[in-house]
Amino acid sequence: VPDIAEHFGNGVRRGEQVPAFSAAIRDLMDKYSITKVIVAGICAPFINAVFSWGEKKIPLNGIIALDPDFSSPTRPVKKAYQFSLKKIFSGERWMLIFSGNSVKSRYFPLFIRQMLRPLIRLRDNPDNMNIPLVQIWRNLVSSGVPALIISAKDKTQHLYIQQVNKIALRGVDRSQVRFLAISGTDHTFMTGDPRETILREVRSWLNQYFPE
């Protein structure tokens with residue numbers, strides 16, 4: 001299963017799902033006379049929607065992305081000790097701990113975290129950033145398409161999403177992009193029962209940008 005999942009994930013990150021995804025969207029538009037398209041989903045739908053829009057295969061009036069994946073499809077297999085060392089020396093992971101947004105934060109007294117946090121800096125270019133995806137995402141935001149980005153605050157992925165968007169949207173008006181970080185849940189948003197929070201935020205976002 002891990003091999004299959006990794007192969008599928010890399011395919012999505014390369015845009016290999018775009019033909020099937022965009023064809024399904026077009027079929028729905030034709031069948032139900034849909035004129036506005038809002039794509040919502042966890043992880044992969046964000047990638048498919050952004051790539052499909054970039055290739056002008058679908059219109060996109062809005063996007064709701066839960067823990068979107070901005071990583072590159074090239075992910076070399078690491079040995080166990082290499083992976084452990086990467087986690088130990090990861091600036092993103094230590095920033096998560098020192099900001100109080102990790103379950104491991106409790107092992108470090110508040111004054112220690114406040115003292116050490118300025119020493120940790122996130123890299124200007126995060127590892128494995130999906131450059132083609134990020135470039136299209138920047139163009140999408142620049143075009144004025146509203147977006148709601150929801151992330152799991154207690155996970156390193158949350159800081160990665162923040163850093164990628166800091167780079168991708170630099171100098172771009174992103175007032176129509178709303179970011180929400182939810183504590184106590186995971187990548188699939190199945191733990192901590194965040195459903196009410198997500199539904200409330202989605203309703204608010206829809207009422208703001210699509211009141212009809």
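Please work out how much accessible surface PHE179 shows to a 1.4 Å probe, ignoring ligands, DNA and RNA, in Å² rounded to 10.
The accessible area of PHE179 comes to roughly 90 Å².
In whole Hz, what ³J(HN,Hα) sequence does the stretch 147-153 give by Karplus (6.51, -1.76, 1.60; θ = phi - 60°), x for Gly and Pro?
3J(HN,Hα) across the stretch 147-153, in whole Hz: 9, 10, 10, 10, 10, 7, 4.
Under the rule of at least 5 residues apart or a separate chain, name every residue whose amide H is placed under 5 Å from the amide H of ILE64.
Residues meeting the amide H criterion: VAL39, ALA40, GLY41, LEU148.
Just by accessible area at a 1.4 angstrom probe, what is the order of GLU201, GLU196 from largest to smallest?
Descending order: GLU196, GLU201.
What's the center-to-center distance, using Cα atoms, between the stretch 26-54 and the stretch 148-212 in Å?
Computed from Cα coordinates, the inter-centre distance equals 19 Å.
So who's got an amide H within less than 5 Å of the one on SER151, skipping anything under 5 residues away but keeping other chains? H placed 1.01 Å off N, in plane.
ASP67, LEU180, ALA181, ILE182
Which whole-Hz couplings ³J(HN,Hα) result when phi for each residue of the stretch 12-17 is put into the Karplus expression 6.51 cos²θ - 1.76 cosθ + 1.60, θ = phi - 60°, listed in order with x for Gly and Pro?
4, 5, 8, x, 5, 8
Just to check I understand the Karplus step: with θ = phi - 60° and J = 6.51 cos²θ - 1.76 cosθ + 1.60, what whole-Hz values come out for the stretch 167-183, glycine and proline as x?
7, 5, 9, 4, x, 10, 5, 10, 5, 8, 9, 10, 10, 9, 10, 10, 7
Given a 1.4 Å probe and heavy atoms of the protein chains only, how would you sort ARG174, ARG203, largest accessible area at the top?
The ranking, largest first, comes out as ARG203, ARG174.
As a test of reading the structure, rank LEU66, LEU140, LEU199 by solvent-accessible area (1.4 Å probe, protein chains only), most first.
Largest accessible area first, the residues go LEU199, LEU66, LEU140.
Among 31-40, 150-159, 13-22, what's the highest-first ranking by average C-beta atoms within 10 angstrom per residue?
150-159, 13-22, 31-40
The values are calculated or read from the model by the stated rules, or taken from the named source; none is laboratory data. Because the structure is predicted, anything quoted here is derived from the model rather than measured. Don't worry about glycine lacking a Cβ; one is built from the backbone with ideal geometry, like all the others, and counts go over all protein chains shown. All accessible areas refer to the heavy atoms of the entire protein, side chains included, with ligands and DNA or RNA removed. Shrake-Rupley method; radii C 1.70, N 1.55, O 1.52, S 1.80 Å.
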